[in-house]
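In what follows, a single structure is set out as structure tokens and then discussed.
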Amino acid sequence: FEWIKDLHELNYNKQRIVLCHYPLESWNAKYHNSIHLHGHVHNTEMISNISNRLNIGVDKYFGPVNIETAIRDARNS
């Protein structure tokens, strides 16, 4: 690891992505087309379905997931 952060924001191909281990109810630019990728939830479905948020934990994908897949799946959530 190069760094460990509680929360990190990045831009990938003009897509704002908010990363956090925990699922957030609200995140920066939520209503301006950003997506939130998280882990922590050890099941495949979230209790509340919030658009543009995606659990990318190992219990759902069973291994690494590429960023294009994560963005597409978050958009379809």
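The values are calculated or read from the model by the stated rules, or taken from the named source; none is laboratory data. Remember, it's a predicted structure, so these values are computed and weren't measured experimentally. Quick reminder, even Gly has a Cβ in these numbers, built from the backbone with ideal geometry, and neighbours come from all protein chains shown. With ligands, DNA and RNA removed, areas are computed over all heavy atoms of the protein, side chains included. Shrake-Rupley method; radii C 1.70, N 1.55, O 1.52, S 1.80 Å.
What the table below lists for this structure:
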| item | result |
| --- | --- |
| Mean ellipticity per residue at 222 nm, deg cm²/dmol - from DSSP H runs of n ≥ 4 across the chain, formula -39500 (n - 2.57) | -4000 deg cm²/dmol |
| Longest DSSP-loop-exposure-free segment, chymotrypsin sites (Phe, Trp or Tyr not before Pro), the chain, at most 14 other Cβ within 10 Å | 4-61 |
| Lys, Arg +1 and Asp, Glu -1 on Cβ, resulting dipole of the chain about Cα centre, debye, nearest 20 | 260 debye |
| Global geometry of segment 1-40, whether rounded, prolate or oblate, following the gyration tensor of its Cα atoms and the 1.5 cut on a/c | oblate |
| Largest-first ordering by accessible area, 1.4 Å probe, given options E25, E2 | E2, E25 |
| Relative contact order of segment 13-77, defined on C-alpha pairs under 8 angstrom at six or more residues apart (%) | 29 percent |
| Cβ-based charge dipole, the chain, positive-most Cα from P64, W3, N33 | N33 |
| Summed side-chain charge close to A29 - residues other than A29 whose Cβ falls under 11 Å, Lys, Arg +1, Asp, Glu -1 | +1 |
| Proximal charge balance of I17 [Cβ under 13 Å; K/R count +1, D/E count -1] | +3 |
| Straight-distance crosslink candidates among aspartates and glutamates, where the alpha carbon sits under 19 Å from K60 and sequence neighbours closer than 8 are dropped | E45, E68, D73 |
| Heavy atoms of K60: accessible area, 1.4 Å probe, square angstrom to 10 | 70 Å² |
